[in-house]
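Some notes on the structure that comes next.
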Amino acid sequence: MQKVKFYSGKEIPLELHKVRVVQKLHLRPIERRLDALKEAGFNTFRLSTLDVFLDMLTDSGTNAMSDNQVAAMFQADDAYAGSQSFIKLQAAVEDVLGKKYLLPVHQGRAAENIIGRTYIKKGSVVPMNYHFTTTLAHILENGGSIVELLYPDALKLQSDNPFKGNINIEKLEECLIEHGENVPFIRMEASTNLIGGQPFSMKNLMDVRVIADKYNKMLVLDASLIGENAYLIKQREEQWKENSMGDILKAMTGLADLVYFSARKLSSSRGGGICTNQKSIYNKMEALIPLYEGFLTYGGISVREIEAMAVGLRETLDESMISQSPNFIKHFVDRLDNLGIPVVTPAGVLGCHVDAMQFCDHIPQNEYPAGALAAAFYLISGVRGMERGTVSSVRDENGVELMADVELVRLAIPRRVFTLSQIEYAIDRLTWLYENRNLIGGLRFTYEPPVLRFFMGGLEPTSDWPSKLLYKFRQDFGDSL
Ligand SMILES: *Cc1c(COP(=O)(O)O)cnc(C)c1O
């Protein structure tokens with residue numbers, strides 16, 4: 001795609017779409033935000049959107065749809081079985097992802113449930129580049145475990161490695177030799193979500209395929225964030241510069257035996273899917289879809305969303321559409337990086353990731369620096385980010401905290417949702433918070449659910465630091481919202 005150059009020489013991401021439907025936002029006073037935080041147990045998941053200004057919690061199910069997606073929703077074929085909407089989706093999956101057989105599921109983790117129940121048993125070991133929260137939960141739930149095989153610099157947060165999501169090929173081979181028959185499949189996650197939305201290279205995926213063939217293992221691709229991974233391959237991997245998005249996507253999925261995705265991200269709609277070209281893989285899972293999801297032609301997804309998925313998948317091929325989010329994220333990350341604020345570099349996909357371990361280097365990891373930073377940032381800005389650190393981790397069987405590799409606050413940039421001035425506002429408030437970072441204190445759990453505790457868990461500050469932060473805000477910003 002040709003780039004638009006500015007006469008000023010500035011690099012500014014330019015929106016190649018216009019706004020036609022808007023939703024009013026709520027920027028409440030900081031005093032109300034402090035009350036809201038207390039009501040939410042200092043967990044940004046539990047905030048009401050009436051108290052949130054910019055919702056950067058997630059890019060899941062929060063992306064803007066195109067006019068063509070919305071239009072398609074009105075043509076949905078309401079039928080329990082044999083819906084034409086599903087036929088359209090099947091065709092889009094085949095055209096875009098190159099897979100003939102499609103099992104619809106209501107979202108990404110539902111695919112993980114079906115795959116987990118089918119392939120994971122007690123003692124199973126799944127090698128992968130990196131886990132996602134729900135992936136790990138489903139593998140553990142079925143008695144398996146995971147091995148994460150990154151190259152050493154992948155967890156170095158500030159780096160210029162363009163492909164920090166690459167799996168360590170040598171370690172992968174060692175792992176397959178060590179665990180042999182206990183490995184049901186190799187899992188590759190496009191744009192490793194939890195370590196900053198970092199992509200893998202095509203070369204790396206090709207190398208995985210060679211190993212998978214050598215040891216006769218199935219290769220499973222989590223394609224939830226594949227569109228942006230493909231775009232970054234085009235940007236960063238010389239050999240693929242001249243290829244279309246369609247070529248790159250098909251080359252990626254063509255290397256995998258089984259591909260699954262969350263349509264809450266890929267295709268900017270809601271739903272999910274498991275797809276393959278091997279009838280035997282399809283047959284193994286087929287019976288579980290009506291049991292857990294719905295009939296095979298809707299899988300728990302509304303037919304309207306299935307129409308939107310079909311159109312959204314095809315739009316993934318449009319570079320001016322798929323580039324919007326990575327380009328906005330790059331602007332966000334580069335601006336913060338230039339201001340000296342610790343963020344994960346290079347810019348990845350799905351959002352900007354602030355390194356809480358550096359930002360709040362005075363908060364010990366067992367007081368959840370990323371959780372504290374997410375709460376503090378919401379308090380002083382109304383911007384809701386998400387903790388991706390030890391709160392999102394788990395305890396071992398003895399109840400001992402397993403400290404996360406990284407403590408990140410993810411500021412997600414849903415696709416085509418925010419304007420550049422809103423990004424500038426987030427940068428401005430984050431800069432202020434960085435200057436006042438010593439006022440931020442730790443958190444501790446008051447309510448800790450046993451599974452996926454980060455969603456509904458409740459915490460409290462270890463001191464009255466939130467009031468001190470509020471006081472300083474009022475001193476510096478007067479009566480500003
Ligand atoms: C979001 C996500 C999932 C889970 O998808 P849901 O639709 O939220 O259930 C799985 N894998 C990755 C990489 C994701 O980003």
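General observations
- Cα-projected label distance for residue 117 with residue 26, points at 7 Å along beta-carbon direction, nm: 3.7
- Pairs of Cα atoms nearer than 8 Å and 6+ residues apart set the relative contact order; for the chain it is 22 percent.
- The charge dipole of segment 400-481, taken about the Cα centre with unit charges on the Cβ atoms of Lys, Arg (+1) and Asp, Glu (-1), comes to about 220 debye, rounded to the nearest 20.
- Dipole of segment 67-317, positive direction: furthest Cα of 240, 158, 306, with charges on the beta-carbon: 306
- Over 31 Å (Cα to Cα) - which of 88/279; 164/472; 214/284; 18/250; 214/330 fall in this group: 164/472; 214/330
- P(r), alpha carbons of segment 67-317 - 5 Å bins starting at zero, rounded %: 1, 7, 14, 18, 20, 17, 12, 7, 3, 1, 0
- Segment 319-395: radius of gyration over Cα atoms, expressed as a fraction of 2.2 N^0.38 Å: 1.19
- Under-5 Å amide H pairs with residue 273, H placed in peptide plane, nonlocal only: 105, 261, 263
- Reachable aspartates and glutamates from residue 156, criterion Cα separation under 13 angstrom, eight or more residues apart if same chain: 355, 405, 407
- Stretchable slack from residue 79 to residue 247, in nm (0.36 nm times residue separation minus alpha-carbon distance): 57.1 nm
- Footprinting exposure proxy for 96, 147, 22 (fewest neighbouring C-beta atoms within 10 Å first): 22, 147, 96
- Here's the picture: charge each Lys and Arg Cβ at +1 and each Asp and Glu Cβ at -1 in segment 67-317, and of 143, 227, 75 the one pushed furthest to the positive end of that dipole is 143.
- The fraction of all Cα pairs in the chain landing in successive 10 Å bins from 0 to the largest distance is 4, 20, 30, 27, 15, 3, 0, given as whole percents.
- FRET E, pair residue 169, residue 358, Förster distance 35 Å, beta-carbon r, rounded to 0.05: 0.70
- In the chain, helices alone account for a calculated mean residue ellipticity at 222 nm of -12000 deg cm²/dmol, with every DSSP H run of four or more residues adding -39,500 (n - 2.57).
- Efficiency of FRET from Cβ geometry, residue 434 and residue 38, R₀ 25 Å, rounded to 0.05: 0.55
- Per-pair calculated FRET efficiency, R0 = 51 Å: residue 286 and residue 10 via Cβ, rounded to 0.05: 0.45
- Centre-to-centre separation between the Cα atoms of segment 454-481 and those of segment 311-340: 31 Å.
- Where labels lie 7 Å past Cα in the beta-carbon direction, separation of residue 156 and residue 366 in nm: 3.0
- Net +/- balance of residues flanking residue 401 in space, Cβ distance below 12 Å, scoring K and R +1, D and E -1: 0
- Segment 262-310 and segment 44-66 have Cα centres spaced 24 Å apart.
- Charge tally for residue 365 (other residues, Cβ to Cβ under 9 Å; Lys, Arg +1; Asp, Glu -1): -3.
- Whole-angstrom gap from segment 92-139 to segment 362-427, using each part's C-alpha centre: 26
The numbers here are math on the coordinates, done by the rules we state, and not lab data. Computed from a prediction, not measured in an experiment: that's the story for all the values here. Ideal geometry is used to build each Cβ from the backbone, glycine not excepted, and the neighbour counts take in all protein chains shown.
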